[in-house]
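For reference, the structure is listed below as structure tokens.
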Amino acid sequence: MNNASIAQLCEDIAVFLELKDDNPFRIRAYLNAARNIRGLPEDIAAIASRGELTKIPGIGADLKLKVEEFLSSGSLKFHKVLLDKTPRVLVEMLKIQGMGPKTANLIYKKYRPKSLADLEKLVLAHKLRKLPGIREKTEQNILETLNFLKQHRERTLLSKALPLSRQVILELKKLPQVDQIAYAGSLRRMQETVRDIDILVTSKNPTPIMKAFVGLGGVQKVLAHGETKSSVISREGIQIDLRVVSPDSFGAALLYFTGSKAHNIKLRTMAKKKGLKINEYGLFKEGSERRIAGKTEEEIYRALGLDWISPELREDYGEVEASAKHRLPCLVERADIRGDFHTHSNWSDGLHKIEEMVEAARKRKLSYMVLTDHSQSLKVANGLSRKRILAQIATIKKLNRKFKDFTLLAGSEVDILQDGSLDFDDDILKRLDFVIASVHTGFKQSKAQITKRILRAMENKHVHAIGHPTGRLLGEREAYEVDLEQIFKAAEETNTALEINSQPTRLDLNDVHARQARDVGVALVVDTDSHAMDQFENLEYGIATARRAWCEAKNILNCLTLNELQKRIAK
DNA sequence: GCCGTTTTCGGCCCGACTGTTTTCAGTCG
């Protein structure tokens, strides 16, 4: 797909323009275009070939030409010129907390540092405080952020940020001044990674709350400590922002801090057209102090003629328009999920016994589970030989007699070998209730090779689903170069489901891909890929991804009852 | 650079905090 590359180019251009002190609205236009291109439901090349580029929001006459230039030549002159003109170190400097284009340029013009290391030397030699507007405090902040950047460069996984935010909320709830409290931001939208944690409190007496917050045990550094807004860095290196508002503003503040920015801008623009103004305190008539709405999110959406929109959808990817027409999807919920198709036991690389895994699944209110230990060639995971899988099938049959309101199904996470053949022959596969086929080797194959390989696996009538279809590991490994459009088409034709793997480092398919699959009618499965009892909890992240992909229960195969499922998977 | 039911030019979301200034620019979300 070209989408990610072009979006990145636009984002780069925005940074270069910012450093040039260019028109801020022009900069925003590039960022807006980048965001919309990233979220496109298909390859932008296909849209270009239909001559529909300017139908993409944020793409006008100029960006149309730039996109076409990239599609035909593989590069963009405008980008290249800016790249050549912009010193690398300036881009690096923008990553420093509190350092914007003005300050970065000021320092650069005077001292011409070549790297962040050079900048650090300047700070230590107290050179910067000779510049206008920079004194001791600014130097100190730069130094601290430089040290911080050395340690933490990545965004934080949802699975790390969510428990931390819940912990902070638990702590703050102990304060008598705290009324309502909730986390907001990208965390509430359940993005796979987050940059920081936003927490919102209502109170009539914020001062003691702020004091307690910046003094929490896990706080490493206080970035800001104000009357209504404070920011800290936690011991784990995650920034946490706390805002306190009055109860009358809770909904408005929640809406504002949940974002996304693009969603908020859309709402504010809508409000403005109606002669209204939205800020974090409420919805107002333009030029008036009287609050029309603000206590709850629902009342603000309603005042704009909209249905309430789930946070997971708030990306300005069509949710506002759908809401205006009262056509928002009825998103899948945890309670809709009845089974798990992807689990491991200590027969292969899992930690716990089959019975223990069943117990854990049952505790989470699931009514069936497929045991999918690895297949024979995956030696590192103690994959099951032909003999052992036959023994496991027999064991499962025996165990099942003991369960009352739970069904354990026999399955396999069968490896898709380098040539697309499967790691068990059909004679084994046909004895299994559910087969999930996955790629675990040969990630470096060419796009054509790996796509062909997966397509071949999908054509096997015993394969019910493809596990973690792109193979990415967040922060560790890029996805392999599979052509997803072909995979989606084949999934539909061969009646093969695609997985949304709930492991927090996988979330594969991701939200954008899952939505593309959903849009073309591909069935999805939300699996935990549990290798231990506690990993069933990860279902929360898989469901969040499905919700971000606009999925309803009918799009998800494991929302079916066992009976419905068995009818459905008879290929 | 985009956009249009006040439209093809003149707008473009809105407010808090910091650090350095004595009234505010720069930065952030």
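Nearest 0.05, what FRET efficiency do A:Glu492 and A:Gln140 give at R0 = 56 Å with Cβ-Cβ as r? Before the final figure, lay out each step's value.
On the way: r = 59 Å, r/R0 = 1.05.
Once rounded, the FRET efficiency stands at 0.45.
Anything over 31 Å Cα to Cα? Flag those among A:Lys363/A:Lys447; A:Lys109/A:Lys266; A:Lys64/A:Lys266; A:Lys80/A:Lys137, in the order listed.
Numbers: A:Lys363/A:Lys447 42 Å; A:Lys109/A:Lys266 38 Å; A:Lys64/A:Lys266 22 Å; A:Lys80/A:Lys137 37 Å.
Check vs 31 Å cut-off fails for A:Lys363/A:Lys447; A:Lys109/A:Lys266; A:Lys80/A:Lys137.
Could you work out how far helix A:386-402 tilts from the main Cα principal axis of chain A, as a 0 to 90 degree angle to the nearest 10?
90 degrees
For A:Asn279, enumerate residues with amide H under 5 Å from its amide H, sequence gap 5+ or separate chain, H modeled in the peptide plane.
Here A:Phe284 satisfy the definition.
Quick check on chain A: helices-only [θ] at 222 nm, where DSSP H runs of length 4 and up contribute -39,500 (n - 2.57) each and the sum goes over total residues. Nearest 500, please. List each step's numbers first, then the result.
Values: 24 runs with 246 residues, N = 571.
Value at 222 nm, helices only: -13000 deg cm²/dmol.
For chain A, with the dipole built from +1 on Lys and Arg beta-carbon atoms and -1 on Asp and Glu ones, taken about the Cα centre, which of A:Ser367, A:Leu90, A:Ile500 lies farthest toward the positive end?
Going by the charge dipole, the pick is A:Leu90.
Can you find, among A:Ala303, A:Gln8, A:Leu216, the residue sitting farthest towards the positive end of the charge dipole of chain A, where Lys and Arg contribute +1 and Asp and Glu -1 at Cβ?
Result: A:Leu216.
When DSSP assigns beta bridges and you keep just the ones with both residues in region A:334-570, what percent turn out antiparallel, to the nearest 5? Don't skip to the answer; put the middle values down first.
Numbers: 3 of 27 bridges.
Roughly 10 percent of the DSSP beta bridges within region A:334-570 come out antiparallel.
What percent antiparallel are the DSSP beta bridges of region A:457-571, to the nearest 5?
Working: 2 of 9 bridges.
Approximately 20 percent, going by the DSSP bridge assignments.
Which lysines, if any, have their Cα less than 26 Å from the Cα of A:Lys444, not counting same-chain residues under 8 positions apart?
A:Lys379, A:Lys452, A:Lys489
May I ask for the net charge around A:Trp347, where only other residues with Cβ less than 13 Å from the Cβ of A:Trp347 are counted and Lys, Arg are +1 while Asp, Glu are -1? Spell out each step's value before the answer.
Details: positive: A:Lys353, A:Lys387, A:Arg388; negative: A:Asp349, A:Glu355, A:Glu356, A:Asp373, A:Glu413.
Counting the neighbours of A:Trp347, the net charge comes to -2.
For a Förster distance of 30 Å, can you work out the FRET efficiency between the beta-carbons of A:Asp118 and A:Phe78, rounded to the nearest 0.05?
On the way: r = 29 Å, r/R0 = 0.96.
According to the calculation, E is roughly 0.55.
Given Cβ point charges of +1 (Lys, Arg) and -1 (Asp, Glu) and nothing else, what value in debye, to the nearest 20, does the dipole of region A:2-152 about its Cα centre take? Before the final figure, lay out the partial values.
Values: 26 positive and 18 negative charges, 141 e Å.
Taking the Cα centre of region A:2-152 as origin, the dipole is about 680 debye.
Counting DSSP beta bridges in chain A, what percent are antiparallel, to the nearest 5? Walk me through the intermediate numbers first.
Numbers: 25 of 56 bridges.
Looking only at bridges with both residues in chain A, the antiparallel portion is about 45 percent.
FYI, it's all coordinate maths here, none of it is from the lab. These numbers come from a predicted model, not from an experiment. Every residue, glycine as well, gets a Cβ built from its backbone with ideal geometry; the counts of neighbours run over all protein chains shown.
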